[in-house]
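The values are calculated or read from the model by the stated rules, or taken from the named source; none is laboratory data. The model shown is predicted, which means the values in this text are computed figures rather than measured ones. Here the Cβ positions follow ideal geometry from the backbone for every residue, glycine too, while neighbour counts run over all protein chains shown.
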Amino acid sequence: MALQRPKGTSDHLPDGSPKLSLDTQARAFQRVTDVARGVLERSGAQFIATPIFEEPELVRRGVGETSDIVTKEMFTVYYFGEHGGFILRPEGTASVMRAYLQNGLKQLPSPLKLWTQGPMFRAENVQKGRLRQFHQLDYEVIGGDDPLIDAEAVAVMMSVVEALGLRQVTLKLGSVGDPADRERYNAYLREQFGRRRADLSPESLLRLDRNPMRILDSKSAEDQAVVRELAVRPMLDFLGEQAQAHFASVRRYLDAWGVSYQLDPGLVRGLDYYRRSAWELHHAGVGAKSALGGGGRYDGLAEQLGGPATPGIGWALGIERLLIAMTAEGLELPLSPGPHVYLAALDGALVGQVAELGLQLRSVVRAEFAYRALKPAVALRDAGRRGAVYAALIGPEEAGRGVVALKHLSSGVQRNIGLDELRDVLGGPDFVNPDFVNPDADDRTTHPQPSTNQEQA
Ligand code: AMP
């Protein structure tokens with residue numbers, strides 16, 4: 001058997017590939033990114049790109065020593081020599097904050113909105129929607145802590161999801177409070193879980209000292225049973241006055257804007273630098289345990305990375321999961337990249353000339369051409385297989401008269417179009433559209449031959 005790709009990765013394939021699904025269709029990936037880019041840029045976010053590998057220390061501090069990612073899911077890359085290796089980035093936020101600090105982006109107008117997109121790597125147990133190389137869209141706002149920024153960040157995420165046509169989403173919103181609030185909560189959790197040490201998983205016993213909030217989102221059944229039995233009070237009960245006021249303000253904005261959400265008093269983002277707002281977006285098609293996206297405020301992150309105190313907030317959406325959700329809702333992307341013409345010479349002597357015409361037409365439309373002379377029937381069949389909207393056929397007669405025989409493939413309508421008009425015709429409404437004005441009306445040769453394509457098939 002020929003070599004296979006590593007487990008938990010996917011190939012992004014061209015249209016028509018035999019094993020294509022929406023989440024492996026290269027064009028669907030691009031379209032999701034394009035749609036998101038539109039929404040994000042209209043929101044004032046600028047694109048930033050960072051390396052896909054980073055120093056291990058960045059990931060340890062940026063994602064958190066006690067996180068699953070750092071304890072068991074990091075991919076390390078080495079090169080020959082002394083260096084201790086790099087980590088393939090498991091998420092985007094730490095890198096964006098590092099780039100902000102390292103490149104003096106503080107000098108730009110604040111708060112600064114950034115977005116990025118690209119592959120992320122986690123050595124997870126592979127299942128549908130849980131890959132080892134997956135792709136995220138990230139939005140980050142650095143340099144402000146007004147609750148309006150939190151509400152806007154949530155709204156922008158919902159706008160991306162809406163622009164993709166997704167409807168069956170559930171937004172869960174909570175707050176993890178300020179550091180002092182979390183200290184009180186952690187003390188409470190230590191006291192509660194301390195009474196049930198014997199029933200906790202070995203991992204959670206370690207968490208008990210270092211980060212008891214992480215026991216709450218433990219995947220182990222024994223831990224979940226303990227959490228249920230203790231009827232642990234949620235983080236939201238422990239918010240101090242300031243965090244409460246901030247959260248109330250975020251909710252007031254979202255309520256006023258009609259952004260619907262479920263209050264999730266127990267939503268945890270257990271890392272030290274998370275502050276205040278936190279949210280997750282779920283979709284039935286992706287499964288209850290896997291989020292479509294998540295976000296939160298991380299005012300403590302910059303200091304964690306050795307920088308000055310700098311508030312920030314951001315979210316990430318998983319592109320594969322967006323595509324799985326879109327499949328579940330039966331959504332299709334508007335995939336057409338615009339009219340597509342396939343040109344073919346009917347005579348060997350014209351091949352180079354037709355190719356030149358194709359090269360010129362690329363300034364207005366997608367144009368492909370045949371690399372050798374074709375019979376008309378073969379040219380039309382090839383054009384259809386390539387998904388073209390039009391076929392343009394040029395034989396000695398057309399060349400002599402300075403026209404092409406242009407056929408609209410789906411309707412079968414064909415007309416001769418002068419070479420000097422071809423760009424306008426291809427860039428304008430199509431033949432079967434009532435707005436179409438034939439520039440070469442005297443030369444109209446309409447052949448209603450709807451059977452032509454079928455004959456070729
Ligand atoms: P997180 O950084 O864990 O909050 O992840 C943000 C988003 O990235 C998630 O909501 C998913 O959509 C996506 N994501 C995270 N991990 C994976 C994975 N292993 N495979 C596919 N998508 C993922």
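Tell me which residues, restricted to the range 1-36, are part of a strand (DSSP E or B) and polar (S, T, N, Q). Listed by number, the list holds a single entry, Gln25. Taking the criterion of being among the aliphatic types (A, V, I, L, M) and part of a loop (DSSP other than H, G, I, E, B), the residues of the range 119-141 that qualify are Ala123, Val126, Leu131. The residue pairs whose first member lies in the range 119-141 and is under 20 Å from Ser67 (Cβ atoms), whose second member is modelled with pLDDT under 95 and assigned to a strand (DSSP E or B), and whose beta carbons are closer than 8 Å, counting only pairs six or more residues apart or on different chains, are Glu124/Arg130. Quick check: is even one residue across the range 95-104 more than 15 Å from the ligand (Cβ to nearest atom) and assigned to a strand (DSSP E or B)? No, the range 95-104 contains no residue that is more than 15 Å from the ligand (Cβ to nearest atom) and assigned to a strand (DSSP E or B).
Per-residue answers, yes or no, for (1) of a type in the set (A, V, I, L, M); (2) part of a helix (DSSP H, G or I); (3) within 14 Å of the ligand (Cβ to nearest atom); (4) crowded, with 23+ Cβ neighbours inside 10 Å:
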| residue | (1), (2), (3), (4) |
| --- | --- |
| Leu166 | yes, no, yes, no |
| Lys172 | no, no, yes, no |
| Ala187 | yes, yes, no, no |
| Arg190 | no, yes, no, no |
| Ala198 | yes, yes, no, no |
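Candidates Thr66, Thr116: the one that is modelled with pLDDT of 95 or more, within 16 Å of the ligand (Cβ to nearest atom) and not in a helix (DSSP H, G or I) is Thr116. With a requirement of 3 or more residues that are within 16 Å of the ligand (Cβ to nearest atom), the helices (runs of 4 or more DSSP H) lying completely within the range 202-320 that satisfy it span 213-216. When the range 155-177 is filtered for residues that are out of contact with any Lys or Arg (no Cβ under 8 Å at 6 or more places or on another chain) and among the hydroxyl-bearing types (Ser, Thr, Tyr), the ones remaining, listed by number, are Ser159, Thr170. Here Glu73 meets the list (1) in contact with an Asp or Glu (Cβ under 8 Å, 6 or more places away or on another chain); (2) within 30 Å of Asp382 (Cα to Cα) almost entirely, failing just condition (2). Gln414 fulfils the conditions (1) within 16 Å of the ligand (Cβ to nearest atom); (2) outside the structural domain of Glu140 (by TED's automatic domain parsing) except for a single criterion, (1). In the condition set (1) touching a Pro at 6+ places or on another chain (Cβ under 8 Å); (2) within 16 Å of the ligand (Cβ to nearest atom); (3) of a type in the set (Gly, Ala, Ser), Ala328 is compliant with all but (1). When Thr71 is tested against the conditions (1) closer than 17 Å to Trp115 by Cβ; (2) part of a helix (DSSP H, G or I), the lone failure is (1).
Kindly provide the set of residues from the range 42-100 that are touching a Lys or Arg at 6+ places or on another chain (Cβ under 9 Å), closer than 20 Å to Arg297 by Cβ and charged (D, E, K, R), ordered by number. Glu91, the sole residue that qualifies. Pairs, please: C-beta under 9 Å, at least 6 apart or cross-chain, first residue more than 28 Å from Ala325 (Cβ to Cβ) and in the range 287-315, second of a type in the set (D, E, K, R) and within 14 Å of the ligand (Cβ to nearest atom)? Listed by first residue and then by second, the contacts come to Pro311/Arg297. The set of residues from the range 384-405 being within 38 Å of the chain's Cα centre (by Cα) and assigned to a strand (DSSP E or B) comprises Tyr390, Ala391, Ala392.
Output yes when any residue across the range 131-142 is crowded, with 16+ Cβ neighbours inside 10 Å and more than 16 Å from the ligand (Cβ to nearest atom), and no when none is. Looking through the range 131-142, at least one residue is crowded, with 16+ Cβ neighbours inside 10 Å and more than 16 Å from the ligand (Cβ to nearest atom).
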